[in-house]
Amino acid sequence: MTSPNVLIFNCGSSSLKFALIDPISGVEVISGLAERLGEELASIRYSMGGMKQRLELPGADHQEACAQILGLLTEAGLKQQIGAIGHRVVHGGERFRESTLIDAQVMDTIRDCQRLAPLHNPANLIGIEVAQQHFPSLQHVAVFDTAFHQSMPAEAYLYAIPYALYQQHAVRRYGFHGTSYRYVSQRALELLELPTDHSLLCAHLGNGSSAAAIRSGNSVDTTMGLTPLEGLVMGTRSGNVDPNLYDFLASECGYSLQQTSRMLNKESGLLGLSGLSNDMRTLEQAEAEGNERARLAIDIYVFTLARQLAGLATSLPHLDALVFTGGIGENSSRIREATCRRLSILGIDIDLERNVANGAQSQGRISADNNTPAVLVINTNEELMIARDTHHLVAQQVADTEPSPSRHH
Ligand code: AMP
């Protein structure tokens with residue numbers, strides 16, 4: 001690679017997030033978001049050197065957005081700085097245990113995983129194809145949300161349904177948010193100077209929320225499953241419900257499969273319970289103003305989170321630390337305090353002042369210095385993780401293909 005900077009693409013069905021990152025220092029040279037792609041209101045927002053800009057792109061699709069991003073990078077003299085491109089891919093099935101250089105075979109496998117993530121992988125594929133057309137001479141790397149959880153043992157990833165469904169259709173638990181867990185668990189290790197044999201609970205709490213048990217750097221259990229619907233209460237997703245709900249709603253309310261699926265994914269969680277919003281900030285404010293349904297939604301969010309964290313702990317021999325991350329985990333002292341109160345059975349005890357400050361003056365630590373397990377707030381950085389993986393894989397490939405130095409006799 002002539003330049004080490006990595007361009008990150010994170011493609012959704014109607015959006016394209018991008019960033020140019022130095023994988024060594026973590027500095028973001030430019031970052032932005034193209035959204036509402038395919039609509040009249042399509043636009044790109046980006047920030048570079050502290051300056052924020054917005055471009056309207058009526059009707060633009062992913063292809064056009066990518067051309068615009070390339071134009072922006074060229075105009076800013078940044079095109080030559082791109083050493084490689086890293087793509088976030090949601091589902092890597094059982095094939096990908098780690099990030100990989102993209103070739104035709106890898107593309108086929110990602111395509112094959114579309115049936116496991118019909119909402120996400122098709123968009124990820126569009127992002128890769130469009131980027132490959134615009135940057136044909138660069139290496140492209142795929143970083144999978146599921147890869148980190150491939151270390152889970154069979155007892156954690158199998159559902160108690162006929163085994164043939166796993167063998168023939170790959171029905172199992174996969175888990176998501178893996179790139180975030182990899183980042184925050186490595187940071188926790190550095191901050192606490194933990195030994196190789198360490199045990200962590202991590203909660204990634206954003207609009208999508210999950211939690212994971214991590215032992216010696218490997219995921220051993222997580223709350224999300226075949227899809228990102230299983231597990232915790234989320235912004236609009238229900239998390240765990242009785243699977244017979246599909247039957248009940250069909251016979252009682254005439255719901256089709258699609259209607260129930262839509263209800264569980266888009267109309268449930270904090271939004272469904274509160275009838276107000278999927279956004280935790282809005283709910284905390286409403287709760288403070290006496291809104292009972294907002295309080296109920298928050299209580300159920302916390303109850304479910306604490307209950308599942310305690311369950312995850314059964315996969316660990318001891319507990320070194322509990323880590324909070326994601327928009328809610330990093331910013332909501334209210335949710336962290338209420339969750340930790342319920343986890344006193346695990347020896348969790350936080351310092352209320354440190355918690356209110358989000359651990360800002362204590363290197364992220366919100367428990368007392370000498371208390372084990374430690375409780376940490378760590379800002380996640382999935383983009384940096386993607387940049388590092390991409391840089392590492394491309395540098396390794398260059399080293400592998402360079403002729404070995406000639407020997408002098
Ligand atoms: P993410 O998906 O990681 O961007 O997280 C989005 C969630 O974080 C939303 O529910 C936000 O309301 C929540 N969030 C962000 N900042 C705060 C805050 N200061 N207090 C409570 N929740 C917050």
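The values are calculated or read from the model by the stated rules, or taken from the named source; none is laboratory data. Computed from a predicted structure; not experimentally measured. Don't worry about glycine lacking a Cβ; one is built from the backbone with ideal geometry, like all the others, and counts go over all protein chains shown.
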Quiz item: When you go through 183, 174, 166 one by one, which is the residue that is among the aromatic types (Phe, Trp, Tyr) and either without any contact (Cβ under 8 Å) to a residue 12 or more places away in the chain or surrounded by fewer than 14 Cβ atoms within 10 Å (Cβ to Cβ) (or both)?
Solution: 166
Quiz item: Restricting attention to region 16-43, which residues are more than 22 Å from residue 84 (Cβ to Cβ) and crowded, with 17+ Cβ neighbours inside 10 Å?
Solution: 35, 37, 42, 43
Self-check item: Pair list, Cβ < 8 Å and 6+ apart or interchain, from region 196-219 residues that are without any contact (Cβ under 8 Å) to a residue 24 or more places away in the chain to residues that are within 12 Å of the ligand (Cβ to nearest atom)
Solution: none
Practice problem: Look through 297, 288 and report the one residue that is within 12 Å of the ligand (Cβ to nearest atom), farther than 18 Å from residue 188 by Cβ and touching a Ser or Thr at 6+ places or on another chain (Cβ under 8 Å). | Solution: 297
Quiz prompt | From 241, 233, 220, residue being at negative phi, within 16 Å of the ligand (Cβ to nearest atom) and either surrounded by 15 or more Cβ atoms within 10 Å (Cβ to Cβ) or at pLDDT 95 or above (or both) | solution = 233
Quiz item: Pairs, please: C-beta under 7 Å, at least 6 apart or cross-chain, first residue in contact (Cβ under 8 Å) with a residue 60 or more places away in the chain and β-branched (Val, Ile, Thr) and in region 280-297, second within 11 Å of the ligand (Cβ to nearest atom) and not in a helix (DSSP H, G or I)?
Solution: none
Exercise. Taking the residues in region 196-214 that are surrounded by fewer than 24 Cβ atoms within 10 Å (Cβ to Cβ) and either of a type in the set (Asp, Glu) or more than 8 Å from the ligand (Cβ to nearest atom) (or both) as candidates, determine which candidate is nearest to residue 346 (Cα to Cα).
Key: 199
Quiz item: In region 245-256, is there at least one residue being away from the ligand (no atom under 16 Å from the Cβ), of a type outside the set (Asp, Glu) and within 24 Å of residue 174 (Cα to Cα)?
Solution: yes
Quiz prompt | Yes/no for residue 144 being away from the ligand (no atom under 16 Å from the Cβ), under 30 Å from residue 365 (Cβ atoms), buried (at least 20 other Cβ atoms within 10 Å of the Cβ) and aromatic (Phe, Trp, Tyr) | solution = no
Practice problem: Report, by residue number, each residue of region 263-284 that is part of a helix (DSSP H, G or I), surrounded by 14 or more Cβ atoms within 10 Å (Cβ to Cβ) and modelled with pLDDT of 95 or more. | Solution: 263, 264, 269, 270, 271, 272, 273, 274, 280, 282, 283, 284
Practice problem: Name the residue, out of 282, 260, 314, that is among the β-branched types (Val, Ile, Thr) and within 16 Å of the ligand (Cβ to nearest atom). | Solution: 282
Self-check item: Qualifying helices (runs of 4 or more DSSP H) (wholly inside region 312-386; at least 3 residues being farther than 26 Å from residue 175 by Cβ)
Solution: 333-342, 352-356
Quiz item: Which residue pairs have Cβ atoms under 9 Å apart, sit 6 or more places apart or on different chains, and have a first residue in region 107-121 that is farther than 12 Å from residue 226 by Cα and a second that is hydroxyl-bearing (Ser, Thr, Tyr)?
Solution: 119/13; 119/227; 120/13
Quiz item: Taking only pairs six or more apart or across chains, which ones have beta-carbon atoms under 7 Å, a first residue in region 305-322 that is in contact (Cβ under 8 Å) with a residue 60 or more places away in the chain, and a second residue that is polar (S, T, N, Q)?
Solution: 305/339; 308/223; 316/199; 317/199; 318/199; 319/199; 320/199; 320/372
Quiz item: Just wondering, is there one or more residues in region 322-329 that are among the β-branched types (Val, Ile, Thr), surrounded by 19 or more Cβ atoms within 10 Å (Cβ to Cβ) and either at pLDDT below 95 or within 12 Å of the ligand (Cβ to nearest atom) (or both)?
Solution: yes
